[in-house]
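To keep things clear, I will list the structure first and then write my remarks on it.
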Amino acid sequence: TGNCDSHRNFIGKGLRCLLNVPNTEVYRNAHRSSGRFCFQSSQPLGEKIPSLQLSCVGQPPCCFSAWNIQITRSFHTSPSLQAAPVPLFWIIVKPAQKLFAIILGRSIRKWWKALPPNKRELFKESARKNKWKILLGVSGLGVVFVMFYFTHLEETPITGRARLLVFGKEHFRELSQMEYEMWMEEFKSQMLPETDPRYQVVERVVGHLSESNKDIPQVSALQWVIHVVDEPGVNAFVLPNGQVFVFTGLLDAVSDIHQLSFILGHEIAHAVLEHAAEKASLVHFLDFVSLIFLTMIWAICPRDSLAVVGQWIQSKLQEFMFDRPYSRTLEAEADKVGLQLAAKACVDVRASSVFWQQMELAESVQGQPRLPEWLSTHPSHGNRAEHLDRLIPQALKIRESCNCPSLSGPDPRLIFRLNMQHLLESSKARETPNSTKQDLSKPKLDFPHT
């Protein structure tokens, strides 16, 4: 809380100071700093850091060589005759499938309307006589869908949850490579150089997370490549092929290295758990099933306008009953696994819930409308903070089992609550300027920004 410029200046200085710390000591000494970005620097904040001037172009800093991360900036074009990935093929075909279902349903409706009344009665009578055969055929079709679903179930890495996976991993890696090239083309003029202090902070955090979790095959199998984009949005994402994109707006939003580590752990968890392939598989399966209902809607509705309304209602029901709740489930799972990844890296996991409380406060201060959670693809900030608070005791046990140094100093959640209490008391004091009396029984709270 306070002046935004001074806060950003403080964060910027902390980032520069952090880069002067040896990697192996950053997280192990973080608990001694009471939530500050600068952990153990031998130089004042105002002085320049010589190590930043010695970094070689195209190579990571010398103290970061243990992780052996190769930074690749070049584009890789696909051969001209290479077949399109299967997920991309289905994305292209999906509109054609819907169009075919609409044309088929509309043709059935027109054919039925063109029949003479006597033939309609004959068809109805025939349907009544063969109702069991029709029911058996529909049931058989349902059994086919059920068998397809259960024969394509796989176990999620780490969590062991059963999930539908239609697309192969190799196909999705090809698709993620195409997505990577698209993002690189969009952000090519906004990429920070490898010598930028903010880039090096992200590089060290991702490197430390991957090194601490190399016992997980899905983590060690990927080569994590860093891209820091000079964008004000509070955003970060990781593609399934290990390409990490972090916006500078996120670096301004986090209060310390622990919050940044948890957020990046959350995004890495999405890639490790293969959530992109899982979500695409579910959407593809639901779209294929919905083609039957789409055909029925256009066949039953007497007019095209009613059919369009029915199609819109069907799509919204699918979105709010299946797509969005499933997306929120994946986000909650990524929070859980990301917290575990951060705990194994000796991060102060208690700071994870504070970040979402800060985001909730920032939205309230900015006056942004608060939508109900069921309208969003992500859990609300408050629910995410509560969910993380329930997971923190287990994460602390994981942290202790990894022989991490014990956490000392105040709990960042307590500091945030005290800051909020101080903020509320200050706002109440401003609302009653005529009141000069002070309650001496309550000490004045004046905690620095963490």
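The values are calculated or read from the model by the stated rules, or taken from the named source; none is laboratory data. Worth saying up front: this structure is predicted, and the values here are computed from it rather than measured. Surface areas here come from the heavy atoms of the whole protein model, side chains and all, with no ligands, DNA or RNA. Shrake-Rupley method; radii C 1.70, N 1.55, O 1.52, S 1.80 Å.
Worth pointing out:
- Residues 321, 359, ordered by accessible area of protein heavy atoms at a 1.4 angstrom probe radius and largest first, appear as 321, 359.
- By accessible area, using a 1.4 Å probe on protein heavy atoms only, the stretch 369-429 has 60% of its surface on carbon and sulfur.
- Using heavy atoms of the protein chains and a probe of 1.4 Å, the accessible area assigned to residue 230 is about 80 Å².
- Ranking 212, 255 by solvent-accessible area of protein heavy atoms (1.4 Å probe, all protein chains present), from largest to smallest, gives 212, 255.
- Rolling a 1.4 angstrom probe over the stretch 212-342 with all protein chains present gives an accessible area of which 66% lies on carbon and sulfur atoms.
- Rounded if a/c under 1.5, otherwise prolate or oblate - the stretch 163-255, Cα gyration tensor axes: oblate
- Stretch gain in nm, segment residue 218-residue 394, where the contour uses 0.36 nm per residue and the Cα spacing is subtracted: 61.2 nm
- Residues in the stretch 191-257 average 29 Å² of solvent-accessible surface per residue, probe 1.4 Å, ligands and nucleic acids excluded.
- The lysine pair tally for the stretch 279-430, using Cα distances under 23 Å and a gap of 8 or more places or different chains, is 5.
- Whether the stretch 150-200 is rounded, prolate or oblate, judged on the alpha carbon gyration tensor where a/c under 1.5 counts as rounded: oblate
- Shape class for the stretch 294-381, computed from the alpha carbon gyration tensor (a ≥ b ≥ c): oblate, with a/c not under 1.5 and a/b at or below b/c.
- Apportionment of accessible area to carbon and sulfur, the stretch 124-172, percent (1.4 Å): 67
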